[in-house]
1. Name the pairs: first residue in segment 222-243 and farther than 14 Å from ILE24 by Cα and touching a residue at least 40 places away in the same chain (Cβ under 8 Å), second residue in a loop (DSSP other than H, G, I, E, B) and β-branched (Val, Ile, Thr), Cβ to Cβ under 7 Å, at least 6 apart or on different chains?
2. How about segment 99-136: which of its residues are surrounded by fewer than 16 Cβ atoms within 10 Å (Cβ to Cβ) and free of Cβ contacts under 8 Å to residues at least 40 places away in the same chain?
3. Quickly run through segment 181-210 and pick out the residues that are of a type in the set (Asp, Glu) and over 22 Å from PHE235 (Cβ atoms).
4. Among the residues that make up segment 156-166, is at least one of them at pLDDT 95 or above, out of contact with any Leu (no Cβ under 9 Å at 6 or more places or on another chain), on the phi < 0 side of the Ramachandran plot and surrounded by fewer than 17 Cβ atoms within 10 Å (Cβ to Cβ)?
5. Among GLU151, GLU202, GLU125, GLU160, which is the only one that is under 29 Å from GLY25 (Cα atoms), not small (Gly, Ala, Ser) and not assigned by TED's automatic domain parsing to the domain that holds GLY25?
6. Given the residues LEU97, LEU93, which is the only one that is assigned to a helix (DSSP H, G or I), farther than 27 Å from TYR198 by Cα and touching a Gly at 6+ places or on another chain (Cβ under 9 Å)?
7. Out of (1) within 23 Å of GLN131 (Cβ to Cβ); (2) in contact (Cβ under 8 Å) with a residue 40 or more places away in the chain, the odd one out for GLY214 is which?
8. Name the residue that is nearest to the chain's Cα centre (by Cα), counting only residues in segment 14-31 that are part of a helix (DSSP H, G or I) and buried (at least 17 other Cβ atoms within 10 Å of the Cβ).
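The values are calculated or read from the model by the stated rules, or taken from the named source; none is laboratory data. Not measured: the values here are computed from a predicted model. When we count neighbours, we look across all protein chains shown, and the Cβ atoms used for this are built from the backbone with ideal geometry, even at glycine.
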Amino acid sequence: MRENYEKRIDRAKKLLAEADRILIGGGAGLSSAAGLSYAGKRFTDNFAEFIEKYGFTDMYTAGFYPFKTEEEKWAYWSKHIQINRFDPPAMPLYKALYDLVKDRDYFVLTTNVDGQFEKAGFAPERIFAVQGDYGKLQCAKACHQKLYDNENLVRHMTAEQKNCRVPSSLVPKCPVCGGRMEVNVRIDAFFVQDAAWYAANEKFEAFLQQIDKGKTVLLELGVGYNTPTIIRFPFERLTYQNEGVHLIRCNADYPAAIPENEGKTVSFGEDMQTVLPALCP
């Protein structure tokens, strides 16, 4: 029989207290639980004009829409980036997570591209945002491996757009080849991995080299089956292969452990807004 909530909290707190290190795996469900939902009122309040014109139902699926012009595409994406990357402060849930690990040996592996970990106080050198960053632009065809900050441009586009279009003068062009620019998010084979990406990957690999020394907790938060090969499956494998590794999984839809790891996993399907603060000492 599954343990009740209080017993699972006690088990998880004990694992965290005894851990020599904590590896956080942050997925989309973490930001959604924090309040950065891509659907519902937050979506309809910010994208009424786009909903009327294109029939959009949420921000996630809208991101795949085949806009006919760059002016239309950047009208949508500038608003999407501004309300998800630049406007939100550090969300309380992320700050609670930081309070949980700030005095520990930790590292963050995340598929999120909203910058919330850094906003909440996590050290940049302890974060590997493997899927990119909404706050950066790149050449759409990756003609060179450099990223460009986009906040000023994004805010200018949101301020100047009309009828779901930005002025043509604001459409970004690659400074090297003159071609299209894209948000630095892994959507195809042209995703740019710059020097900072590789440096973060090296730090992550160095952290992994230590997990079989002493006790390690893998704290998996909001990771489902969209890109399970980045966090979910590797965390399960690390838990199975290393005696001193335990997994704490928080996931509203898919909290269960694989059978091989049931004795080494504490699973929570409850709201992370309740679970994470309860795990603090």
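1. So the pair list comes out as THR227/THR111.
2. Those that are surrounded by fewer than 16 Cβ atoms within 10 Å (Cβ to Cβ) and free of Cβ contacts under 8 Å to residues at least 40 places away in the same chain: LYS102, ASP103, GLY121, ALA123, PRO124.
3. Across segment 181-210, the qualifying residues are GLU182, ASP188, ASP194.
4. Among the residues of segment 156-166, at least one is at pLDDT 95 or above, out of contact with any Leu (no Cβ under 9 Å at 6 or more places or on another chain), on the phi < 0 side of the Ramachandran plot and surrounded by fewer than 17 Cβ atoms within 10 Å (Cβ to Cβ), which makes the answer yes.
5. None of the other options fit; the residue is GLU151.
6. Criteria check complete, one pass: LEU93.
7. Against the list (1) within 23 Å of GLN131 (Cβ to Cβ); (2) in contact (Cβ under 8 Å) with a residue 40 or more places away in the chain, GLY214 comes up short only on (1).
8. Among those that are part of a helix (DSSP H, G or I) and buried (at least 17 other Cβ atoms within 10 Å of the Cβ), it is ALA28.
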